[in-house]
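First comes the structure, then the notes that go with it.
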Amino acid sequence: MKAKKTLLAVVAAGALFLSACSGGGSGGGDGGEGGGDGGLIGVAMPTKSSERWIQDGDAVKAALEEQGYTVDLLYAEDDIPTQVSQVENMITKGAEALIIAAIDGTTLSQVLEDAAAADIPVIAYDRLIRDSENVDYYASFDNFLVGQQQAWSVLNGLGLTELDGTPIEGAPAGPFNIELFAGSLDDNNAFFFFNGAMDVLQPLIDDGTLVVKSGQTEIEQVATLRWDGETAQSRLEDILTANYSDGTTVNAVLSPYDGISRGIISALTDAGYSVGEGWPVISGQDAEIDSVKAINTGEQYATIFKDTRQLAQVAVDMAVALLNGEEPEVNNTKDYDNGVKVVPSFLLDPVIVVKDNITEQLVDTGYWTQEEIDG
């Protein structure tokens with residue numbers, strides 16, 4: 001299949017994507033169409049409030065246009081009815097395939113029935129679409145591994161393990177105070193991230209190495225609606241007031257996403273914490289530029305880099321293969337059950353980024369420039 005070859009080629013052909021993906025551009029193509037005569041493909045993205053979705057949308061659009069397709073790229077600004085309406089309009093306009101990053105993976109069943117009735121294949125992009133048999137393929141990263149990596153990055157910052165989870169000989173005994181955050185409960189990925197992280201952290205909570213003073217350890221307690229940083233900030237402020245007013249301090253915060261991490265940083269700063277000795281270890285995800293800068297200055301310890309250029313190429317290769325009557329390449333056919341069916345998936349590998357490997361992972365690969373990081 002084309003996917004593996006294209007993934008290998010994407011590094012060599014990275015210049016194609018640099019203008020679209022690096023630098024957190026303006027999301028060109030929002031609401032518009034462009035490209036060749038290969039037919040129309042609809043691309044539905046959740047929001048422009050996160051730069052990572054702008055990068056995803058631009059990368060998918062660029063790769064499809066390179067293949068000669070016309071692209072209808074739309075952002076719904078985290079409004080579910082808007083996204084449903086956008087997908088309906090794509091179907092009405094004659095889209096030959098749909099690539100959808102869902103806002104709420106449980107709300108698209110009816111519109112996907114319309115797509116199936118029109119023989120339009122559907123690819124779930126990074127967020128699994130649930131409760132529908134009309135999802136043909138899923139392109140994402142190994143999301144359980146993402147959660148494990150977030151936990152390993154926290155433990156590495158505390159001096160307990162290497163970044164791959166290997167225990168460090170002579171590591172401090174603790175105990176360390178940690179608070180937990182998860183993503184939005186309407187996003188299937190949030191459960192994979194949290195379960196992966198707790199697979200690593202729970203044994204250390206059980207043996208007393210890690211202490212969750214708030215007592216909030218269930219995903220329903222620690223979830224953050226719409227992955228919103230201000231919501232996370234408010235929750236941590238409440239936790240600090242209720243559980244740390246006795247002079248104890250938070251040593252680490254598990255955060256599933258950079259935007260949430262920035263809200264956590266604001267809450268800690270407002271509570272009198274200062275970067276330096278005693279500043280908590282904070283994880284993250286998506287390598288957003290503001291958080292990469294925060295890693296550089298010591299405010300955030302780590303992020304998980306998921307190269308949106310590669311993910312976009314996988315989704316595009318899936319769509320093109322389907323439209324050519326071919327079977328897309330997948331590497332997972334057992335883990336992503338959407339409640340109705342197990343969706344065939346292609347999963348990419350994420351990478352932990354800390355201060356010491358920013359240049360190697362983000363600059364040398366062309367994802368960000370040093371000027372953007374330093375700016």
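Only protein atoms count toward the accessible area here, which uses a 1.4 Å probe; on region 306-346, the carbon and sulfur part of that area reaches 41 percent. Taking every C-alpha pair closer than 8 Å and separated by at least 6 residues, the mean separation divided by the residue count of the chain gives a relative contact order of 19 percent.
Based on alpha-carbon positions alone, could you give the equivalent ellipsoid semi-axes of the chain from the gyration tensor, as √(5λ), descending, whole Å? The partial results should precede the final answer.
Working: eigenvalues 267, 91, 69 Å².
Semi-axis lengths for the chain are 37, 21, 19 Å.
Counting only protein heavy atoms, what percent of the accessible surface of region 68-227 is carbon or sulfur at a 1.4 Å probe?
Working: 2770 of 5770 Å².
Answer for region 68-227: carbon and sulfur cover 48 percent of the accessible area.
With θ taken as phi - 60° and the Karplus curve 6.51 cos²θ - 1.76 cosθ + 1.60 applied, the whole-hertz 3J(HN,Hα) list for region 284-301 is x, 6, 4, 6, 5, 4, 5, 7, 4, 4, 5, 5, 4, 9, x, 6, 10, 7 Hz, x standing for glycine and proline. In this structure, the amide hydrogen of residue 73, modeled 1.01 Å from its nitrogen in the peptide plane, lies closer than 5 angstrom to those of 31, 32, 43, counting only residues at least 5 positions away or on a different chain. The region of the chain that goes longest without hitting one of the GluC sites (Glu not before Pro) in a DSSP loop, each with at most 16 other Cβ atoms within 10 Å, is 219-276.
The Rg/Rh ratio of region 243-289, with both radii computed over alpha carbons and Rh defined as the Kirkwood radius, is 0.98.
On average, how much accessible surface per residue is there in region 218-334, in Å², for a 1.4 Å probe, leaving out ligands, DNA and RNA? List each step's numbers first, then the result.
Details: 4420 Å² over 117 residues.
Roughly 38 Å² per residue, with all protein chains present.
Can you give the angle from 0 to 90° between the axis of helix 51-66 and the longest principal axis of the chain, with both taken from C-alpha atoms, to the nearest 10? Helix 51-66 and the main axis of the chain meet at about 30 degrees.
The residues of region 81-123 expose, per residue, 38 Å² of accessible area to a 1.4 Å probe. Averaging the Cα positions of each part gives two centres, and for region 343-373 and region 206-278 these lie 26 Å apart.
Out of the trypsin sites (Lys or Arg not before Pro) in region 38-145, which ones are loop residues according to DSSP with at most 12 other C-beta atoms within 10 Å?
Details: sites: 48, 52, 61, 93, 127, 130; in loops: 48, 93, 127, 130.
Counting only loop positions with at most 12 other Cβ atoms within 10 Å, the trypsin sites (Lys or Arg not before Pro) in region 38-145 are 93.
Each Lys and Arg contributes +1 and each Asp and Glu -1, all at the Cβ; summed about the Cα centre of the chain, the dipole is approximately 280 debye. Axis angle, to the nearest 10 degrees, between helix 258-270 and the longest C-alpha principal axis of the chain: 30 degrees. When you have a sec, figure out the Kirkwood radius of region 148-210 from all distinct Cα pair distances and drop it here in Å to one decimal? Hydrodynamic radius (Kirkwood, Cα only) of region 148-210 equals 12.2 Å. From its DSSP helices (H runs of at least four residues, each -39,500 (n - 2.57)), the chain gives a residue-normalised ellipticity at 222 nm of -12500 deg cm²/dmol.
Could you calculate the FRET efficiency of residue 337 with residue 80 from 1/(1 + (r/R0)^6), where r is the beta carbon distance between them and R0 is 25 Å, rounded to 0.05? Please list the in-between numbers first.
Numbers: r = 22 Å, r/R0 = 0.90.
For R0 = 25 Å, the calculated efficiency reads 0.65.
So if each residue of separation counts as 0.36 nm, and I subtract the Cα-Cα distance between residue 297 and residue 169, what length gain in nm does that give?
Working: separation 128, 0.36 × 128 = 46.08 nm, distance 2.78 nm.
The span from residue 297 to residue 169 would gain 43.3 nm if fully extended.
The values are calculated or read from the model by the stated rules, or taken from the named source; none is laboratory data. What you are looking at is a predicted structure, and each value in this text was computed from that prediction instead of being measured. Every residue, glycine among them, receives a Cβ derived from its backbone with ideal geometry; neighbour counts consider all protein chains shown. Note: accessible area is taken over every heavy atom of the protein model, side chains too, but ligands, DNA and RNA are not part of it. Shrake-Rupley method; radii C 1.70, N 1.55, O 1.52, S 1.80 Å.
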